[in-house]
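Here is the structure we will look at.
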Amino acid sequence: MKNYVIGLDYGSDSVRAVLIDTQNGAELASEVFWYPRWKAQKYCVPAKNQFRQHPLDHIEGLEHTITSVMKQSDVNPETVVGICIDTTGSSPMPITNDGTPLALVDGFKENPNAMMILWKDHTAVKEANEINDLARSWGGEDYTKYEGGIYSSEWFWAKILHVAREDKAVKDATYTWMEHCDFVTYLLADHKDLKAFKRSRCAAGHKAMWHESWGGLPDKAFLGQLDPYLAELRDDLYEETFTSDEIAGYLNEVWAKKLGLTTKTVIAVGTFDAHSGAVGAKIDNNALVRVMGTSTCDIMVSPEEVIGDKTVRGICGQVNGSVIPGLIGLEAGQSAFGDVLAWFKNILSWPIENLVMKSNVLSDEQKQELQKELDAKFIRTLAEQAEKIQHSEALPMALDWVNGRRTPDANQELKSAFTGISLGTKAPHIFKALVNAICFGSKMIVDRFESEGVKIESVIGIGGVARKSPFIMQTLANVLNMPIKVAESDQAPALGAAIYAAVAAGVYDNVIEASKIMGSDFEAEYFPKADDVKAYIPLMEAYMELAEFVENTLKEKNHEFQL
């Protein structure tokens, strides 16, 4: 009898489920659910980098997508042997002592501080700076050293500290905090002891400063110097962590009934989307997997004997088993990738939205048709025009820091900048400058890995940008001066989660074996073009000069103005 598994992938805007045949990785059915509250931008204040999501978006999406793939495929529920969840991260949420998200409790249902704090929320910059200062000065272990040496406002402790200081009611009503991937796993599993529940090694190691060498999470003496609340909270978190090839529990009766499945279905330990995406793309030693969407996550694996005790500066962590059990997972990334281009689209769309779409000249039906055409052609037309611009033509220079910088050397206070704009600069010139910027930011990550002794022999691209934009992928191949393969699967993270589920359910002995059989094939490969590679060298140097000026000179000037 055939066996099937479900991978559930929570992205920034939507959740998608895939039902996968464990024999060959074939996708029998898939379904996407767009978060309605998030789409309405509830609980978000972009001007202050506040991005929160209501857990109901995720719970409703869970039920909709899984019931849909079961109906589409019409497989026997008894043959669905495992489910694994991957999510964005760090995206923690406050939980009560009975395992309920605080945002579902009366009195907190519309409170943004009771919501899940999405990875891109940067309200905790001050708290992240405090963590970094204390880690270097308190006289004990530097708990940031396996996180690249710099703790980010995008991560677990900084976000919790910010909310606890801002909202006493939320702090007092919260029993524990759970990463998004841990909560959804807990929701489905029959194991309901919060203290003993198996938390994700991936989430804890990359975002919460968990490491085997100091016995788990940072010491209470360290956390207490930040705030006594964090020291108290540590007792209600976890000590051990687990890799995603392990069983967190079995599907509980309530959710088995809702989803049309059985309580025999294994629920694997949760993980983060980029790490499962790397598994879905058949990651191997010395391969850099770039998950390219609104932001990027860049994932590598390395044998422990190669990395040893060495810590790689300025990345987002190195964690044993966060991608493949037995190998060290290395994470880097850009805080904005697709978001850089989406920002520019929003700028250009302002007169359309505020004048054309509100005009009385067009009917509602015409406006709808026009909006569809714009959505389909906007970025594509810009890319086509930008591709025609010669390297010899004057181009602006841009930085990709519209949402701060994640890697190398996290700094979420940084802002983007442009130089070289003239009366001859048109929209395609700016678009091309922004594409160059996101590719130059990618090159900075590759250069950091290689300067730290981590060898990169191949690059694999996954995600919407990788599959939909040949212009960006060719530019990236030229800037990196490396060939880039693109994974065929539309849902590589969900496929990777399904691979973890297959191993947890005992269909395969290990993740590497399962990935080779179930992982995605490749649909395209981009090779660097010698003339373009040469042309991008001085542009890369100009990018680095602008980056240094903005980060150092302008920072000093801003400090003077503040004084």
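The residue pairs whose first member lies in region 413-430 and is on the phi > 0 side of the Ramachandran plot, whose second member is surrounded by 14 or more Cβ atoms within 10 Å (Cβ to Cβ) and assigned to a loop (DSSP other than H, G, I, E, B), and whose beta carbons are closer than 6 Å, counting only pairs six or more residues apart or on different chains, are 420/396.
Does region 533-542 include one or more residues that are surrounded by 15 or more Cβ atoms within 10 Å (Cβ to Cβ), aromatic (Phe, Trp, Tyr) and over 23 Å from the mean Cα position of the chain (by Cα)? Yes: one or more hits.
Counting only residues that are out of contact with any Ser or Thr (no Cβ under 9 Å at 6 or more places or on another chain) and among the hydroxyl-bearing types (Ser, Thr, Tyr), which one in region 141-171 is farthest from residue 410 (Cα to Cα)? Checked region 141-171; the qualifying residue farthest from residue 410 (Cα to Cα) is 143.
Applying the criterion of at least 3 residues that are of a type outside the set (Phe, Trp, Tyr), in contact with a helix residue (DSSP H, G or I) (Cβ under 9 Å, 6 or more places away or on another chain) and surrounded by fewer than 24 Cβ atoms within 10 Å (Cβ to Cβ) to the helices (runs of 4 or more DSSP H) found wholly in region 130-214 leaves 156-166, 168-173. Can you confirm whether region 380-397 contains a residue that is in contact with a Ser or Thr (Cβ under 7 Å, 6 or more places away or on another chain), part of a helix (DSSP H, G or I) and either at pLDDT 95 or above or surrounded by 14 or more Cβ atoms within 10 Å (Cβ to Cβ) (or both)? Taking every residue of region 380-397 in turn, at least one turns out to be in contact with a Ser or Thr (Cβ under 7 Å, 6 or more places away or on another chain), part of a helix (DSSP H, G or I) and either at pLDDT 95 or above or surrounded by 14 or more Cβ atoms within 10 Å (Cβ to Cβ) (or both).
Out of all the residues in region 264-279, is one or more surrounded by fewer than 20 Cβ atoms within 10 Å (Cβ to Cβ), among the acidic types (Asp, Glu) and in the same structural domain as residue 9 (by TED's automatic domain parsing)?
Of all residues in region 264-279, those surrounded by fewer than 20 Cβ atoms within 10 Å (Cβ to Cβ) come to 264.
Still in the list and also among the acidic types (Asp, Glu): none.
Checking region 264-279: not a single residue is surrounded by fewer than 20 Cβ atoms within 10 Å (Cβ to Cβ), among the acidic types (Asp, Glu) and in the same structural domain as residue 9 (by TED's automatic domain parsing).
The criterion of at least 3 residues that are touching a Ser or Thr at 6+ places or on another chain (Cβ under 6 Å) and either outside the structural domain of residue 84 (by TED's automatic domain parsing) or of a type in the set (A, V, I, L, M) (or both) is met by the following helices (runs of 4 or more DSSP H) wholly inside region 460-563: 492-504. Among residues of region 273-285 being in contact with a Ser or Thr (Cβ under 7 Å, 6 or more places away or on another chain) and either aliphatic (A, V, I, L, M) or in a loop (DSSP other than H, G, I, E, B) (or both), the one that is nearest to residue 87 (Cα to Cα) is 279.
Does region 358-366 contain at least one residue that is in contact (Cβ under 8 Å) with a residue 12 or more places away in the chain and among the aliphatic types (A, V, I, L, M)? Checked against the condition, which is being in contact (Cβ under 8 Å) with a residue 12 or more places away in the chain and among the aliphatic types (A, V, I, L, M), region 358-366 yields no hits at all.
Just to be sure before I move on: is residue 256 in a strand (DSSP E or B) and on the phi < 0 side of the Ramachandran plot in the structure I sent? Considered against the rule, which asks whether it is in a strand (DSSP E or B) and on the phi < 0 side of the Ramachandran plot, residue 256 comes out as no. Does region 231-242 hold any residues that are more than 21 Å from residue 269 (Cα to Cα), surrounded by fewer than 20 Cβ atoms within 10 Å (Cβ to Cβ) and touching a Phe, Trp or Tyr at 6+ places or on another chain (Cβ under 9 Å), and which are they? Passing the criteria: only 231. Scanning region 287-301 for residues that are part of a strand (DSSP E or B), touching a residue at least 40 places away in the same chain (Cβ under 8 Å) and crowded, with 20+ Cβ neighbours inside 10 Å gives 288, 289, 290, 291, 292, 296, 298, 300.
The values are calculated or read from the model by the stated rules, or taken from the named source; none is laboratory data. Since the model is a prediction, treat every value here as computed from it, not as a measurement. Every residue, glycine among them, receives a Cβ derived from its backbone with ideal geometry; neighbour counts consider all protein chains shown.
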